[in-house]
Structures are given as C-alpha cells and as structure tokens.
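Report on the following structure.
The values are calculated or read from the model by the stated rules, or taken from the named source; none is laboratory data. Bear in mind the structure is a predicted one, so any value in this text is a computation, not a measurement. Note: ideal-geometry Cβ built from the backbone for every residue, glycine included; neighbour counts use all protein chains shown. These area figures cover heavy atoms from the full protein model, side chains too; ligands, DNA and RNA do not enter into them. Shrake-Rupley method; radii C 1.70, N 1.55, O 1.52, S 1.80 Å.
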Amino acid sequence: MELRLPKDFFMGAAMSGPQTEGAYRTGGKLENIWDTWSDLSISDFYNKVGSYVGNNFYEKYEEDIKLFKSLGLDSFRTSIQWSRLMDQDQKLNPEGADFYHKVCACAKEQRIELFMNLYHFDMPAYLFRKGGWENREVVEAYATYARTAFREFGKEITYWFTFNEPIVEPDQRYRDGLWYPFIQDAKRGMAVQYHLSLAHCLAVREFQKAKEEGFLLPEAKIGLINCFAPPYTKEDPSPEDLEALRMEDGVKNRWWLDLVAEGRLPKDILETLKDSGLLPDIRPGDEQILAMGRVDWLGFNYYHPSRVQAPREKFDQKGYPKYADAYVWPEAKMNIYRGWEIYPKGIYDFGMKMKEEYPNLKFFISENGMGVEHEDRFRDKEGQIQDDYRIEFVKEHLEWILKAIQDGAKCMGYHYWGLIDNWSWNNAFKNRYGMVEVDLAGNYQRRWKKSAAWIQEVIRAREQEIS
C-alpha cells in the first residue's frame, strides 16, 4: 500500500513530563515516586541513570517544539507533572505553572496543537506515602489537581487527557511487582485499578464543571489514553483458553472502553472478580461517579499484541485465581531489544473492534514506536544513525492504520512515541525510541536519525497532495 495520509489525519509526537523535563529539583517541584526509587536504589536503573535527567526538555522546550515544526508535525502530547504544578498543600505552585504556560505559548507560536495529559505514572511521593492509589483520599487529591489545571490552562489548551495507560501501574507496581515498591498482590492491584477509574471519572466531572463555568475553550475535549494490547489465543483454543481470552480482554481492554464509552464497568468481569474474591470495594454512590466517565475521544497506545492461554496453575502464590498465562505464537516476529512482538495488524484489529463494539467513539494512535539498544552500531560515516528498522516499523503500522480507516474505523491521527530520545523508567536510556538522537554526554544535543528525514518526507507528500 502506498503511504498516503488522509487530509484531516494529524501527525505528531508523544512524550511525557517525567520522562523529558529533568530539572527535578527546580522551580518548586516536589519529589515524585520515581525520585523516591532513584534515591533508594539507583542501581535498579539501567547504567544508574535515575529519574533526574529526562532529556532536558525543561530547558530545551523551545528548541524541541521548533524541531517538531521543522519535521512538519502538527501536534504533540506531553503531560503536566502533578509534582511540579502543585505544592504539598494541594495549592498551585506558581513556578511550575509558569513553565507550562511557557510551553503552551511556544506551541501556539509555532502553530502546533498541544495535547495535555494530567498523569503519567508520576505521583507525588507524599501522596504515595499516604497509600497512593489504594487510598481514596488520593483519588480526591487528584480531582483537586485536575480542577486546578483546567482552570489555570483552560484558555490555552484544547485537548485534555486524564490518564496515560491507567492499566500499567496496577500491573507494574501491584500485580507483577516490577516497579517500586514491588508489591505482588492481585487484590491490591484490582483496588488500584478501580480507584484509577474513579479518579478518571472525577476528573471528567471537573472538566465538565470548568467548561460550564467558562474556564475552558468552547471546543475543548477530554479523553483517556490507554495501551490496548489486542488479545489473541491459540488457533484451536480450548474452552479454558477462550476464558483466558475473555478475562484478558475484559480486565485490560473492555474495562476502560466500557467506562469511557458507556460510563460503566463490564458486568461479566465484575461478576467473575466477585466469584474470585478480587472485587474491589464498590461503595454507594460509585455507580453515579462511574457514569460520569464518558469521554469525547480515546487515545490508543499500541506497541504489541497480547497472546494468552489457559493458566497452568489455578491460583497464584497468594491464593488468588489466575486467569491466563502468556502464549508464545510460533510465528511471532520479535523486537529482541524490548522483548515485544511486532504485529502491525493488531492496530487494524483494534480499529475493527472499535467500529463494531464502540462505533460512536473516535480515537487516535496516541503512542507507537520501536525501542532499540546500542543504536551506535548503526551510525554511518557522517555520524547519523541509519535506523531503517524504525522506518519499516512505522511504515507497516501506518499502512494498517490507513486500511482500518478505509474499512470504517474512526481513527483521527497518529503520534509517534519518543520522537526525541527520552528517559524510560528503570530502563532509562537502554532502548532508544527517538527519530531524533539525544547525546547524553554532549549537553543533550539533538541529532536527526534517518527516520526523522523519512517522516518529514511522508508529511510533505501529504501537504503537496492537499495543495
């Protein structure tokens, strides 16, 4: 398929505050949970590069936004850091607000649409010490933060998002125990997932209130961003494999899709969780809160599919039921650096799911990218990284997106993740995603990789067609 982008299909970049800003003790910023972990055990981070560095967006935001413009991008998404915008008394930090006002002004000057997300796994440490997302008091604190952000930046930002990948923290911190504080408890993980759902809904309520009271632009929109990994099982599945597929899809995908499209959680999943002893504490009045969770549109982060089969053991180490085990598809093509399957058709399958099951909900590809280790191996004599593997990855995914649109999916645009190399949690800079290189030893200098020039040409070809 020839790569011809539709006229009204936007192209941009995705990033986040905690992975790019750096300046972790500048401008009144509070400690967040990543700073806590970095202070406690820096050796847990690749090459001992903790949360402090980002890619220096705090100082280089003007340069970076101009770079986006030079590539032809029309939009980019980042996040406000809760720990930078608010102080410990849940009041506005003027220095933090000033930084984000400058970012908004620069984006406007360059005529680039700014998409703003409110939470990207970076809870202020003082709130985490109160129990984090396990504590309903923190859910209310998030609603206060959202209310403050909407009113402070409401005339500067059109597109808002409550959360990025709200499924990740329940998994990484609580169910699988891979992130600090390394909890492995399915019941606590489910409670966190539920509280994140309530927090999303309260933020949507604050958005609607701010809009009604004139704090927001009339055309302002609210959304949610999640990593929806399309689930698959064996080609000749047993009933147990199909049950694993139902629960994988239900907990990881339909949970959030039903919430944002219909204002409720999937009944069959709640019933199974109740039978399993994993149902979270659903209180009187929660149903009314959940009903407020509908959004204007959805961000779909896609990196890999999810392949599952019936679990070998019925229960985990704490006695809670196991719903599924991973299934390795014999034909899988892998990104060996990240350990993720490369399956571009998954993006099409999700588009068809949206068309059939959630036909009124528009979406866009809010993240998609390829992380590779030791990219210096691919540097040519002139010093440029020849990342043809990244070009192939993006091209194949864009082709399947365009096919989904042709077949009726309401996909509005595409944001590449990590357009400029950024810090990535405890992997730090192990796997580089950028189309633009960051020289950590050279004052964070930016240098185009081959893929940057390629995406520029793809966008130019669309612009020439329109003109």
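Are any residues in the stretch 293-302 of a type outside the set (Phe, Trp, Tyr) and open to solvent by less than 60 Å² (accessible area, probe 1.4 Å), and if so, which ones?
Gly293, Val295, Leu298, Gly299, Asn301
Quickly run through the stretch 58-93 and pick out the residues that are surrounded by fewer than 23 Cβ atoms within 10 Å (Cβ to Cβ), out of contact with any Asp or Glu (no Cβ under 8 Å at 6 or more places or on another chain) and closer than 21 Å to Asp35 by Cβ.
Glu59, Lys60, Tyr61, Asp87, Gln88, Asp89, Gln90, Lys91
Could you check the stretch 129-151 and list, in sequence order, the residues that are open to solvent by 10 Å² or more (accessible area, probe 1.4 Å) and within 21 Å of Gly293 (Cα to Cα)?
Glu134, Asn135, Arg136, Glu137, Glu140, Thr144, Arg147, Thr148, Arg151, listed by residue number.
For Gly434, state whether it is modelled with pLDDT of 95 or more, surrounded by 22 or more Cβ atoms within 10 Å (Cβ to Cβ) and in a loop (DSSP other than H, G, I, E, B).
Criteria met by Gly434.
Look through the stretch 62-79, keep the residues that are in contact with a Phe, Trp or Tyr (Cβ under 8 Å, 6 or more places away or on another chain) and acidic (Asp, Glu), and return whichever of them is nearest to Glu367 (Cα to Cα).
Checked the stretch 62-79; the qualifying residue nearest to Glu367 (Cα to Cα) is Asp74.
Here's the yes/no breakdown for (1) assigned to a helix (DSSP H, G or I); (2) basic (Lys, Arg); (3) open to solvent by less than 40 Å² (accessible area, probe 1.4 Å):
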| position | (1), (2), (3) |
| --- | --- |
| Ile289 | yes, no, yes |
| His304 | no, no, no |
| Val308 | no, no, yes |
| Lys318 | no, yes, no |
| Tyr323 | no, no, no |
| Ile347 | yes, no, yes |
| Phe350 | yes, no, yes |
| Met354 | yes, no, yes |
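Answer yes or no: is there a residue in the stretch 219-239 that is assigned to a helix (DSSP H, G or I) and under 17 Å from Lys322 (Cα atoms).
Yes, the stretch 219-239 has at least one match.
Listed residues Gly189, Gly177, Gly154, Gly223; which is open to solvent by less than 40 Å² (accessible area, probe 1.4 Å) and free of Cβ contacts under 8 Å to residues at least 12 places away in the same chain?
Step by step, each of Gly189, Gly177, Gly154, Gly223 is checked, and only Gly177 is open to solvent by less than 40 Å² (accessible area, probe 1.4 Å) and free of Cβ contacts under 8 Å to residues at least 12 places away in the same chain.
So, in the stretch 1-35, of the ones that are of a type in the set (Gly, Ala, Ser) and assigned to a loop (DSSP other than H, G, I, E, B), which residue ends up nearest to the chain's Cα centre (by Cα)?
Per the stated criteria, the residue is Ser16.
Is it true that some residue in the stretch 240-249 is farther than 20 Å from Tyr323 by Cβ, of a type in the set (Asp, Glu) and either free of Cβ contacts under 8 Å to residues at least 40 places away in the same chain or out of contact with any Ser or Thr (no Cβ under 7 Å at 6 or more places or on another chain) (or both)?
The answer is no, given that none of the residues of the stretch 240-249 is farther than 20 Å from Tyr323 by Cβ, of a type in the set (Asp, Glu) and either free of Cβ contacts under 8 Å to residues at least 40 places away in the same chain or out of contact with any Ser or Thr (no Cβ under 7 Å at 6 or more places or on another chain) (or both).
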